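Since the structure comes first, as structure tokens, the remarks are kept for the end.
Values in this text are rule-based calculations from the coordinates and carry no lab data. Just so you know, these numbers come straight off a predicted model, no measurement behind them. Glycine also receives a Cβ, built like all others from the backbone with ideal geometry; neighbour counts cover every protein chain displayed.
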């Protein structure tokens, strides 16, 4: 199958993640075309991308899309270029080993999605499907993230329906509200995708999930890479993808970063020992931009990195154990609802 990777980003300050993501794709998947949708690309970024012949930058804005809501539109545009399979990656994600063999094993009708971060709210898929007034065709047991999405030409109808829901006034009206204040079926673009995959119309499509701990690691938070995911990944040295969700390490770790939050120092430590930062260090001389955040060192961070022996499931494990214990104690002490 003719395959391509796809990234899109319109936020200022996202270049560190874009460059590391592109450099990791060039290292591990050098023969696979990459399309970067970056409407406000700087001349410096364009010049840097010139060293990667596999990468094409698309500066034309995706009409009607904002933030992460551009995914189905970007995927459809790449499919229109006569590619049979397109794989979406968030711009704060890097490739740590080649996923080509895994992708080759997926059937043409299989949709690929990431497993959601462990700390995200857990709402059943049928709640999201029913919220959109769609007939439920199946109940999906895992919680999906659109940080990774794999589609083929057989999924055009799914992408078109996803676009329709993203343009629905009910969803657009929720845009100004913070996460947690939106109904579960309207929270983000991935809730809309989950609602569709659970509906009768698309219940026939097989779904492959890139599981936390094995195929994918969400790094950067105390509980983002959960104990369960860590145990699942102990026997695998490296996942295929490493994600830096939430506040980015290049924002938190620079020496001149401002202390704006109560747990700022803890957050900096978590990013210092994150698998993303550990893997990204190898590209410090490749991205052609200042990256002091990759060199951030504290005594605690050095010790925690040392005892991890380089394994992503062990890196940060003591903090995850402590955070899990605190959460369990709070759950026990919390008053029970009558």
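Can you tell me how much longer the chain between residue 160 and residue 56 gets when fully stretched, taken as 0.36 nm per residue apart minus their C-alpha distance, in nm with one decimal?
35.1 nm
(i) 63, 53, 40; (ii) 64, 45, 34; (iii) 76, 62, 37: which one is Cα extents along the principal axes in Å as calculated from this entry?
Among (i) 63, 53, 40; (ii) 64, 45, 34; (iii) 76, 62, 37, the one calculated here is (i).
Just to verify a number: FRET efficiency for residue 107 and residue 331, C-beta to C-beta distance, R0 = 35 Å, to 0.05?
It comes out at approximately 0.30.
Which ordering of 136, 149, 34 is given by a fewest-first count of other beta-carbon atoms within 10 Å?
Values: 136 16, 149 27, 34 22.
So the ranking, lowest neighbour count to highest, is 136, 34, 149.
Most exposed first by the Cβ proxy, i.e. fewest other Cβ within 10 Å, how do 326, 18 rank?
With the sparsest Cβ surroundings first, the list reads 326, 18.
Distance from the Cα centre of the range 102-120 to that of the range 12-31, in angstrom?
The two parts, judged by their Cα centres, are 20 Å apart.
Applying 1/(1 + (r/R0)^6) with R0 = 45 Å to the Cβ-Cβ distance of residue 136 and residue 1, what FRET efficiency is obtained, to the nearest 0.05?
For R0 = 45 Å, the calculated efficiency reads 0.90.
How much length is gained if the chain between residue 172 and residue 309 is pulled fully straight, taking 0.36 nm per residue apart and subtracting their Cα-Cα distance, in nm to one decimal? Can you show the working numbers first?
Values: separation 137, 0.36 × 137 = 49.32 nm, distance 4.61 nm.
Answer, rounded to one decimal: 44.7 nm.
Let me make sure I get this right: for the range 212-338, a, b and c are the square roots of the gyration tensor eigenvalues over alpha carbons, sorted descending. Under 1.5 in a/c it's rounded, otherwise prolate if a/b > b/c, else oblate. Which is it?
Note, shape of the range 212-338 comes out oblate.
I need the shape label for the range 165-229. Rule: rounded when a/c is under 1.5, else prolate if a/b > b/c, else oblate, with a, b, c from the alpha carbon gyration tensor. It would help to have the intermediate numbers written out before the result.
Details: a/c = 3.24, a/b = 1.27, b/c = 2.55.
Since a/c reaches 1.5 but b/c is at least a/b, the shape of the range 165-229 is classed as oblate.
I need 187, 92 ordered by Cβ neighbour count within 10 Å, fewest first.
Lowest count first: 187, 92.
What FRET efficiency would be calculated for the residue pair residue 63, residue 281, taking the C-beta separation as r and a Förster radius of 35 Å, to the nearest 0.05?
Once rounded, the FRET efficiency stands at 0.40.
Per DSSP helix of 4 or more residues, -39500 (n - 2.57); summed, then divided by the residues of the chain. What does that give at 222 nm, rounded to the nearest 500? Display every interim value, and only then the final one.
On the way: 14 runs with 117 residues, N = 338.
When only DSSP H runs of four or more count, the value is -9500 deg cm²/dmol.
Using 0.36 nm per residue, how much length does the chain from residue 181 to residue 40 gain when fully extended, once their Cα-Cα distance is taken away?
On the way: separation 141, 0.36 × 141 = 50.76 nm, distance 3.06 nm.
Gain on extension, residue 181 to residue 40, equals 47.7 nm.
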